[in-house]
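Heads up, the thing below is written out as structure tokens.
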Amino acid sequence: AQDADGYLWVGTWGGGLARFNGDGFTTYQVGDGLPANRIEELHLDRRGVLWVATTLGLAAWRDHRLAPVDLGVADGVRVRALAEDDESRLWIGTDRGVVVLENGRFQPRSAGGAEPLVYDLLVEPEGVLAVTDRGLVRFGAAGGATELPGPPAPPGSLRAAARTGDGLWVGTAGDGV
């Protein structure tokens, strides 16, 4: 992600968060405000906040400061996916379901039953599509969740989604796209 100050941010798998200023890198790790040094995803929102998903929670870089974020669901929950919808709500995919930051408050969104492990989130006109260990779940604008038929892949293998002019593409763990 590249912020308004021109810094390039890079998430690593074990080395924390790195900021490139054009000449060199500055790294940020657990002692600097990260919940964990394994970064899952980065998202720079419309307000300029850099959200950092880690294997042990969420952090935010704002006002030139990195700090862990309390999601209110459980300490140390793995955050795998981040997305921002057209209403500037931040959607957070965790190992215990979906949490939405709306009007400064974190609110869990129920997918029905036991909350799924969320691998990816995709904002669509119909709502937010979650790629989960249970398959595809669409969270509608009205707040409800609907399980959708998925591609012919083994249960629990869906990992990522993208939409192109050709349609919805879903990546799997070991079974292609």
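Name the residue, out of VAL73, VAL128, VAL170, VAL137, that is β-branched (Val, Ile, Thr) and within 14 Å of the chain's Cα centre (by Cα).
After applying the criteria, what remains is VAL128.
Give me the residue from the range 38-62 that is part of a loop (DSSP other than H, G, I, E, B), free of Cβ contacts under 8 Å to residues at least 40 places away in the same chain and open to solvent by less than 40 Å² (accessible area, probe 1.4 Å) and, out of that set, nearest to VAL73 (Cα to Cα).
THR55
Could you list all residues from the range 96-120 that are among the acidic types (Asp, Glu) and either assigned to a strand (DSSP E or B) or within 24 Å of ARG163 (Cβ to Cβ) (or both)?
GLU102, ASP120
Open to solvent by 70 Å² or more (accessible area, probe 1.4 Å), touching a residue at least 40 places away in the same chain (Cβ under 8 Å) and over 23 Å from GLY57 (Cβ atoms): does that describe ARG159?
no
Restricting attention to the range 120-140, does a residue exist that is open to solvent by 40 Å² or more (accessible area, probe 1.4 Å) and hydroxyl-bearing (Ser, Thr, Tyr)?
no
Contact list please: Cβ distance under 6 Å, first residue in the range 1-26 and on the phi < 0 side of the Ramachandran plot and in contact (Cβ under 8 Å) with a residue 40 or more places away in the chain, second residue loosely packed, with under 14 Cβ neighbours inside 10 Å and assigned to a strand (DSSP E or B), pairs at least six apart or on different chains.
The qualifying pairs are GLN2/LEU8.
Only one of PRO68, PRO108 is touching a Gly at 6+ places or on another chain (Cβ under 9 Å) and modelled with pLDDT under 95; which? Walk me through it before giving the result.
Details: PRO68 fails: modelled with pLDDT under 95.
So the residue among PRO68, PRO108 that is touching a Gly at 6+ places or on another chain (Cβ under 9 Å) and modelled with pLDDT under 95 is PRO108.
Going by the conditions given, is ARG80 touching a residue at least 12 places away in the same chain (Cβ under 8 Å), over 30 Å from GLY6 (Cα atoms), under 17 Å from the mean Cα position of the chain (by Cα) and in a strand (DSSP E or B)?
On the way: touching a residue at least 12 places away in the same chain (Cβ under 8 Å): yes; over 30 Å from GLY6 (Cα atoms): no; under 17 Å from the mean Cα position of the chain (by Cα): yes; in a strand (DSSP E or B): yes.
So ARG80 does not fit the description; no.
Considering every residue within the range 136-147, establish whether at least one is of a type outside the set (S, T, N, Q) and under 22 Å from ASN37 (Cα atoms).
no
Identify the residue in the range 85-116 that is open to solvent by 30 Å² or more (accessible area, probe 1.4 Å) and touching a residue at least 24 places away in the same chain (Cβ under 8 Å) and, among all such residues, is farthest from ARG46 (Cα to Cα).
GLY112
Would you confirm whether any residue within the range 142-152 is open to solvent by less than 30 Å² (accessible area, probe 1.4 Å) and without any contact (Cβ under 8 Å) to a residue 60 or more places away in the chain?
So the first thing to find is which residues in the range 142-152 are open to solvent by less than 30 Å² (accessible area, probe 1.4 Å), and the list is none.
No, because not a single residue in the range 142-152 is open to solvent by less than 30 Å² (accessible area, probe 1.4 Å) and without any contact (Cβ under 8 Å) to a residue 60 or more places away in the chain.
State all residues of the range 21-34 that are assigned to a strand (DSSP E or B) and either open to solvent by 60 Å² or more (accessible area, probe 1.4 Å) or under 15 Å from ALA60 (Cβ atoms) (or both); if no residue qualifies, say none.
PHE25, THR27, TYR28 - these are the residues of the range 21-34 that are assigned to a strand (DSSP E or B) and either open to solvent by 60 Å² or more (accessible area, probe 1.4 Å) or under 15 Å from ALA60 (Cβ atoms) (or both).
Closer than 26 Å to ARG38 by Cβ, free of Cβ contacts under 8 Å to residues at least 24 places away in the same chain and among the charged types (D, E, K, R): is that true of ASP120 in this structure?
No; evaluated as a whole, the condition is false for this residue.
The values are calculated or read from the model by the stated rules, or taken from the named source; none is laboratory data. Just so we're clear, the structure is a prediction, and the values are computed from it rather than from any experiment. Glycine gets a Cβ as well: all are built from the backbone with ideal geometry, and neighbour counts include every protein chain shown. Just so you know, the surface numbers come from the protein's heavy atoms only, side chains and all, with ligands and any DNA or RNA stripped out. Shrake-Rupley method; radii C 1.70, N 1.55, O 1.52, S 1.80 Å.
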